[in-house]
Amino acid sequence: GLLALFFSKGGLAFVGTTTSYYSDAGDPGTTSVDGWSRRGGVNEVWGTIRGGAGNGLFNSTTSHIVLFLASATTNQWAEIDRARFGFDTSAIGDTDTISSATCNIYGGSDAGADPQSNLPNVNVYGSTNFGSNTALANADYENRGTVAWCDTPIAKSGWSTAGYNAFAFNATGLSGVNKTGVTNISALNANYDVANVAPTWSSGQYTYFDCFFADNTGTTSDPYLSVTYSAIVAIKSIP
């Protein structure tokens, strides 16, 4: 990370640093994990599929991060997908002060479909309910966060397919960074899934965002969490 030291003549010094924390590849990961879970293969109204139990997960994929798929039955739905990203931030330390943080997700080469012009967006949410820090589970679908950690969702029209999409944390997000463990983040569609508003339906049509997970070949597109934090340390008087 980038290190800066500010000190006065004796007393206390403020040591600041910015560090990037990456998701682990594989399931289970070493300290964290990323991927996506879903409720799929069903034929349900929006409120039911949104509030139902997860029944599938994908842990080694570069596919979409959020999706909704319409069934063949009018105004009913076959699938919703939700993504999860974990970052081991335990090196920060419990007494340190976090001043800023950004979750960075690299967009895939496919911008994704939006056949009904629903104009979906995506945002990041915290969650402390995941059963494991290192492995995905079907229950991740239900255990997603519900309070946004970024004030500005990214619209589909603004989703980068050749670079990182940055979600700058608000005060809730900053307080949610786990300074002694793993910070788990949900990436969700905000204006339909989180808001519990049914999108415009069309038989068999799907809408999604595309991104890369840590299991993608190489490391240049891995998701990461950038955190700027500072510690207060005692120093001796300097003549």
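Listed residues Ala101, Ala78, Ala91; which is over 23 Å from Asn184 (Cα atoms) and hydrophobic (A, V, I, L, M, F, W, C)?
Step by step, each of Ala101, Ala78, Ala91 is checked, and only Ala78 is over 23 Å from Asn184 (Cα atoms) and hydrophobic (A, V, I, L, M, F, W, C).
Residue under question is Val33, and the condition is that it be β-branched (Val, Ile, Thr), in contact (Cβ under 8 Å) with a residue 12 or more places away in the chain, in contact with a Gly (Cβ under 6 Å, 6 or more places away or on another chain) and buried (at least 17 other Cβ atoms within 10 Å of the Cβ); does it hold?
Yes: the conditions hold for Val33.
Suppose we filter Thr95, Thr89 for residues that are in contact with a Ser or Thr (Cβ under 9 Å, 6 or more places away or on another chain), hydroxyl-bearing (Ser, Thr, Tyr) and in contact (Cβ under 8 Å) with a residue 12 or more places away in the chain; which single one remains?
Of Thr95, Thr89, the one residue that is in contact with a Ser or Thr (Cβ under 9 Å, 6 or more places away or on another chain), hydroxyl-bearing (Ser, Thr, Tyr) and in contact (Cβ under 8 Å) with a residue 12 or more places away in the chain is Thr89.
Could you grab me the full set of residues in the range 96-120 that are in contact with a Lys or Arg (Cβ under 8 Å, 6 or more places away or on another chain) and at pLDDT below 95?
Asp96, Ala111, Gly112, Asp114, Leu119, Pro120
Just checking, how many residues over the range 55-88 are hydrophobic (A, V, I, L, M, F, W, C) and part of a loop (DSSP other than H, G, I, E, B)?
Count: 1.
Taking into account only those residues within the range 170-191 that are part of a helix (DSSP H, G or I) and touching a strand residue (DSSP E or B) at 6+ places or on another chain (Cβ under 9 Å), which is farthest from Tyr229 (Cα to Cα)?
Asn191
For the range 37-86, give me each residue that is open to solvent by less than 40 Å² (accessible area, probe 1.4 Å) and aliphatic (A, V, I, L, M).
Correct list: Val42, Ile49, Ile65, Val66, Leu67, Ala70, Ala78, Ile80, Ala83.
Of everything in the range 23-48, what is in a strand (DSSP E or B), farther than 16 Å from Arg84 by Cα and not β-branched (Val, Ile, Thr)? Give them in sequence order.
Gly40, Gly41, Asn43, Glu44
Checking Asn143 against (1) closer than 27 Å to Gln76 by Cβ; (2) under 17 Å from the mean Cα position of the chain (by Cα); (3) surrounded by 15 or more Cβ atoms within 10 Å (Cβ to Cβ); (4) touching a residue at least 24 places away in the same chain (Cβ under 8 Å), which test does it fail?
(4)
Kindly provide the set of residues from the range 87-131 that are over 26 Å from Phe68 (Cβ atoms), open to solvent by 10 Å² or more (accessible area, probe 1.4 Å) and of a type in the set (Ser, Thr, Tyr), ordered by number.
Ser90, Thr95, Thr97, Ser99, Ser100, Thr102, listed by residue number.
Does Thr200 satisfy being closer than 30 Å to Thr48 by Cβ, open to solvent by 50 Å² or more (accessible area, probe 1.4 Å) and outside any helix (DSSP H, G or I)?
Answer is yes for this residue.
The values are calculated or read from the model by the stated rules, or taken from the named source; none is laboratory data. Since the structure is predicted, the reported quantities are computational estimates derived from the model, not experimental observations. Methodologically, a virtual Cβ is constructed for each residue, glycine included, from the backbone with ideal geometry; neighbour enumeration extends over all protein chains shown. What goes into the accessible areas is simple: the full protein's heavy atoms, side chains included, and nothing from ligands, DNA or RNA. Shrake-Rupley method; radii C 1.70, N 1.55, O 1.52, S 1.80 Å.
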